[in-house]
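Asker: Let me begin by handing over the structure; questions about it come next.
The values are calculated or read from the model by the stated rules, or taken from the named source; none is laboratory data. Everything numeric in this text was worked out from a predicted model, so none of it was measured. Every residue, glycine among them, receives a Cβ derived from its backbone with ideal geometry; neighbour counts consider all protein chains shown. When the accessible area is computed, the model is the full protein with side chains, heavy atoms only, and any ligands, DNA or RNA have been set aside. Shrake-Rupley method; radii C 1.70, N 1.55, O 1.52, S 1.80 Å.
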Amino acid sequence: MYPLSDILKSLPKVTNPRLVLSGFGVWVLWRKNANSTIHQTLTRFGGIKISVGSNQSLWYFQNAQVFPALARMLLWTQVHPEPVLSQVLPAKLILGESNSELSLSITNQLTEQKINPGESFDVWVHPEVISHVSNFPGLGVEQRPPLFGMTPINWHAIKVDPGFSLDADLGWFFFIKPMQDRQNDNYVLGWKNFHMRLKGILDRLGLRNIYQANLLVFKIEGLNQLSSWIREILATIAHVKADEPDAYWPCLYCAVQSQGLSFNDDLLTKVLIDWDRLAPDTPHLPLSAGLLLRDEFEITFLDTAGDQPLDALCQLGLSSGESSGRRRVDFPASASLSVGNNALCFYCGMKSHESSKCPSRQIFNPEPGVWDKFGAMDIKELAQAVKTLDKTVGNGNLATMSELLLAEGPEHTFLKTVFEINCPAQHRMMRMVWRSRGKELPDGLRQLNPPEGEYVWSALENTRSGNYPQAERMMQQAILRTSKSYQPHVLLGFIALETGNPRQAEGHWKNAQNLCYTPLQQGYVLFLKARLLEVQGSYDQAHQSYSDSLRYSSKWLEPRYRQAVCLTKKGFLDQAWTIFADLIIQEPHFFNRILCDHELERGRSFLLSALSGPWTAAMQKAEKEQDALKQLRTKLETWFVPDNQFRKNTEERAEILQESSQVENFVSFTKVAEVTEKLQRETDREIKEAVASLKKEAHKNIERAQTIFEEIAYFPFPKLIRKTNRDYNQAGRILQRITKSDLHNGSFFRQATLEMKEANDILDRMGKRTKSLMILREGALFFLFLSRTFLWLAMFGLLASIIAVPVLLNVIQASGSIWATEWMTTQRWQVQRTVSMLMVFISGILAALWTTVRYAKTKQKYFEKAKRKRRK
């Protein structure tokens, strides 16, 4: 018994369906091995394979072609019996956000069936779909009792007339249109060479074709022929672009269902194709045809958001296993940014509103920081933010929901970045240009003056509020007052634009350009003119005008980006990608800008594939940098002690960087690589400086130790300096070991750092101890020098007193003074003692004065003499 519920459970659950379509479901059961003819026949008649299991499969048909398909199998199994059972049921096809989210919805009453196939091929038809069988001559039904396990309803079995011969009616008209670029000198030769290649493929596949009105048209019959053609053309394009660029020219490829159309001269008038939406070098087919080939090719929806009818166009590419290219970056487009039938908004590029109602008019200042915030968010979170935004907007108009720009959250950050893309064309840019005193963009916007000129700012507010007549009158008055000012003409251009006069706006901006007096102003006004040409569809002229803007501000990347956008809108995606790739190298935020920019819709599939190159490279580099961060931590642990301030700061930054590396975002990947390299350079520089500093400190401490030693070397009391001598010897050994170590080795350096700390502690201890010893030593030396001087002076003083007293006595006697002579004779020894004591006292005073004055010089001589003795 094979339950239908088993295969239904294996189908993906579609949470956000983009297509729900009623049709015919086919449940096929078999016993052992299913004959491939059964599944091939279902496919050939347009059956979309939903799921195939070991004993059952599930299919979907959008029309009644299911009955001719089953009838052909009934006739075939009459000759080749097969124990197979099939049921035709009412079902709904459900398609999610990608072709992998394909499911089938069947009523609960039917999902409970458990059936065993019989010995022959049986086809059972649900009563709700019986009426479609009678549309085919030769087919009929008869009511039969249901088999065991089938839902108890009025089942019917198909009867086939033996002469039934209706074959599958599955075909497409394929159109190829070369991209027209009359300004390119290689256009004629390039298209001629590539046209010959295409003709060769068509002739080899036996496809009759015509070339008319610059279109190559041919008809494809059957799914096999369609598959062969698509595989052939994709391989040819890849080969010619890579190996024979002179034989290549970009073309648009599109197919339409052939039902109701004839291969004649009127075909081109009956088929309407919006060529401006198609991307070059990619086959575009109806979604119904794409789903038939989803096992062979990768399918990309042309309408990247919103509901998908089965006749909507999709793009087909080689599967990842066959393609030499890289997988696409998976990021959804926002439906709320693509809806609308208005002309392209000058300010933001959306079609949901007119330029005069753009929400960007309410934003006063640029917000470049929003790109940093966007770059710090995971791409999966951003993808969910896009879905949340679409759900929030729903069927409403984004232009009436300005509060979304004021709120916080991932979806609001995404919306802010969308409006930031075209900031140079918005009012807030004009405000900054008016105030700028710089010479070139973008640096000149950092040099702003206070707002000047009452008329222009009041007129700007009137423009913002929609009071255009008053604003225009004020600007006309401003022109009369200051005829050489460019500002009124710029604002008049915006007023004309918002009131539906783009030609008049161009004239005002031309006048403004003539009055501009700095390269910054010239570049800005030329940018506005280029943007106006771009939204009008004049991409070649816009491209040239952006080039003119770039000449005035060569460092400004915005004109270059808009040139790539123009090339994308024209369909020249390879040339556009060359510019985009260069911009991404200069500024990583352009990667995220390409993901968000809804104006790149035509080349979105191509660009998402092309972005996978930088994405993969950045991701791989970020992964390598994670290893580099681990090595950096190891280096820090090897070279620096835990309390080292540089190590602490660097480890904190590395930790933050490690967290950033877990965020899947191109900007985060790039930041991880850049900051890691910066940390490595800073660490290497710090190590180099630390090694030099340690060597310098070692030599400085050796000199310091030598100085301390010399201070205490001649201390008169050796026992008091034993500890100091021991510390000196210990510090000397440490410092000698440091100077001889290989300080360019991390472990040796860290050990030397610890030893240097120990040496510093020893020297500090020696210094403290030496201070007290120095006081004692200085006192002792002063006393010794004083004693020596005093002894010499006292000795000479005593000798002088011994000589002086007798001489004085003889002098007195010779003078004839009787009383003096008698007194000196009787008191001679007392006089001698008094004079001697006086001489000793005078010697002490003179010795103290002499020693004080000559102490430093005497001490220096004493130390030098001691050094000479030590050297001997």
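Asker: If I ask for residues that are within 34 Å of the chain's Cα centre (by Cα) and either without any contact (Cβ under 8 Å) to a residue 12 or more places away in the chain or open to solvent by less than 10 Å² (accessible area, probe 1.4 Å) (or both), which ones from segment 281-290 would you list? Reasoning before the result, please.
Answerer: Here is the first cut: in segment 281-290, the ones within 34 Å of the chain's Cα centre (by Cα) are 281-285, 287, 290.
Passing the criteria: Pro283, His284, Leu285, Leu287, Gly290.
Asker: Could I ask something else about it? Go through (1) surrounded by fewer than 19 Cβ atoms within 10 Å (Cβ to Cβ); (2) in contact (Cβ under 8 Å) with a residue 60 or more places away in the chain one by one and return the number of the condition Thr151 breaks.
Answerer: Here Thr151 clears every test but (2).
Asker: To continue, here is another question. Of the conditions (1) farther than 30 Å from Lys387 by Cβ; (2) buried (at least 18 other Cβ atoms within 10 Å of the Cβ), Asp443 satisfies every one except a single condition; which number is it?
Answerer: Asp443 satisfies all of (1) farther than 30 Å from Lys387 by Cβ; (2) buried (at least 18 other Cβ atoms within 10 Å of the Cβ) except (2).
Asker: Continuing with the same structure: Would you check if Thr568 is free of Cβ contacts under 8 Å to residues at least 60 places away in the same chain and touching a Lys or Arg at 6+ places or on another chain (Cβ under 8 Å)?
Answerer: Numbers: free of Cβ contacts under 8 Å to residues at least 60 places away in the same chain: yes; touching a Lys or Arg at 6+ places or on another chain (Cβ under 8 Å): yes.
So Thr568 fits the description; yes.
Asker: If you don't mind, another one. If only one of Glu558, Glu623, Glu587, Glu651 is touching a helix residue (DSSP H, G or I) at 6+ places or on another chain (Cβ under 8 Å) and either more than 19 Å from Ile421 (Cα to Cα) or surrounded by fewer than 20 Cβ atoms within 10 Å (Cβ to Cβ) (or both), which one is it?
Answerer: Glu651
Asker: Within segment 87-109, is there a residue that is surrounded by 15 or more Cβ atoms within 10 Å (Cβ to Cβ) and farther than 30 Å from Thr15 by Cα? Before you say what the answer is, go through the steps one by one.
Answerer: Step one: of segment 87-109, the residues surrounded by 15 or more Cβ atoms within 10 Å (Cβ to Cβ) are 87-99, 101-106.
Next cut, farther than 30 Å from Thr15 by Cα only: none.
No; the residues of segment 87-109 include none that is surrounded by 15 or more Cβ atoms within 10 Å (Cβ to Cβ) and farther than 30 Å from Thr15 by Cα.
Asker: Which residues, taken from segment 202-227, are in a helix (DSSP H, G or I) and either closer than 21 Å to Tyr187 by Cβ or open to solvent by less than 60 Å² (accessible area, probe 1.4 Å) (or both)?
Answerer: Going residue by residue through segment 202-227, those that are in a helix (DSSP H, G or I) are 202-205, 223-227.
Hits for segment 202-227 are Leu202, Leu205, Leu223, Gln225, Leu226, Ser227.
Asker: For the list (1) assigned to a helix (DSSP H, G or I); (2) farther than 30 Å from Ser612 by Cβ; (3) of a type in the set (Gly, Ala, Ser), I need the number of the one condition that Ser554 fails.
Answerer: (1)
Asker: Among the residues of segment 217-243, write down those that are within 11 Å of Leu207 (Cβ to Cβ) and of a type in the set (Gly, Ala, Ser).
Answerer: Ser228, the sole residue that qualifies.
Asker: Out of all the residues in segment 73-83, which are surrounded by fewer than 21 Cβ atoms within 10 Å (Cβ to Cβ) and in a helix (DSSP H, G or I)? Don't jump to the end; show me each part of the working.
Answerer: If we filter segment 73-83 for residues that are surrounded by fewer than 21 Cβ atoms within 10 Å (Cβ to Cβ), which is where we start, we get 74-83.
Answer for segment 73-83, where residues must be surrounded by fewer than 21 Cβ atoms within 10 Å (Cβ to Cβ) and in a helix (DSSP H, G or I): Leu74, Leu75, Trp76, Thr77, Gln78, Val79.
Asker: For the structure I just gave you, tell me whether Glu119 is free of Cβ contacts under 8 Å to residues at least 40 places away in the same chain, farther than 25 Å from Glu232 by Cα, in contact with a Pro (Cβ under 8 Å, 6 or more places away or on another chain) and open to solvent by 60 Å² or more (accessible area, probe 1.4 Å).
Answerer: Working: free of Cβ contacts under 8 Å to residues at least 40 places away in the same chain: yes; farther than 25 Å from Glu232 by Cα: yes; in contact with a Pro (Cβ under 8 Å, 6 or more places away or on another chain): yes; open to solvent by 60 Å² or more (accessible area, probe 1.4 Å): yes.
So Glu119 fits the description; yes.
Asker: Within segment 35-64, work out how many residues are surrounded by fewer than 20 Cβ atoms within 10 Å (Cβ to Cβ) and part of a loop (DSSP other than H, G, I, E, B).
Answerer: Of the residues in that region, 7 qualify.
Asker: Still on this structure, please answer the following. Scan segment 454-467 and give yes if some residue there is assigned to a loop (DSSP other than H, G, I, E, B), of a type outside the set (Phe, Trp, Tyr), within 30 Å of Ala335 (Cα to Cα) and modelled with pLDDT under 90, otherwise no.
Answerer: As a first pass, look at segment 454-467 and keep what is assigned to a loop (DSSP other than H, G, I, E, B): 466-467.
From what is left, the residues that are of a type outside the set (Phe, Trp, Tyr) are 466-467.
Filter once more, so that each one left must be within 30 Å of Ala335 (Cα to Cα): 466.
This time we only want the ones that are modelled with pLDDT under 90, so: 466.
Yes, because at least one residue in segment 454-467 is assigned to a loop (DSSP other than H, G, I, E, B), of a type outside the set (Phe, Trp, Tyr), within 30 Å of Ala335 (Cα to Cα) and modelled with pLDDT under 90.
Asker: Which residues, counting only those in segment 207-248, are out of contact with any helix residue (DSSP H, G or I) (no Cβ under 9 Å at 6 or more places or on another chain) and among the acidic types (Asp, Glu)?
Answerer: Glu221, Asp243 - these are the residues of segment 207-248 that are out of contact with any helix residue (DSSP H, G or I) (no Cβ under 9 Å at 6 or more places or on another chain) and among the acidic types (Asp, Glu).
Asker: Tell me, yes or no, whether segment 13-20 has at least one residue that is in the same structural domain as Ser86 (by the TED database) and within 18 Å of Glu119 (Cα to Cα). Steps first, please.
Answerer: From segment 13-20, those in the same structural domain as Ser86 (by the TED database) are 13-20; that's our starting set.
From what is left, the residues that are within 18 Å of Glu119 (Cα to Cα) are none.
No; the residues of segment 13-20 include none that is in the same structural domain as Ser86 (by the TED database) and within 18 Å of Glu119 (Cα to Cα).
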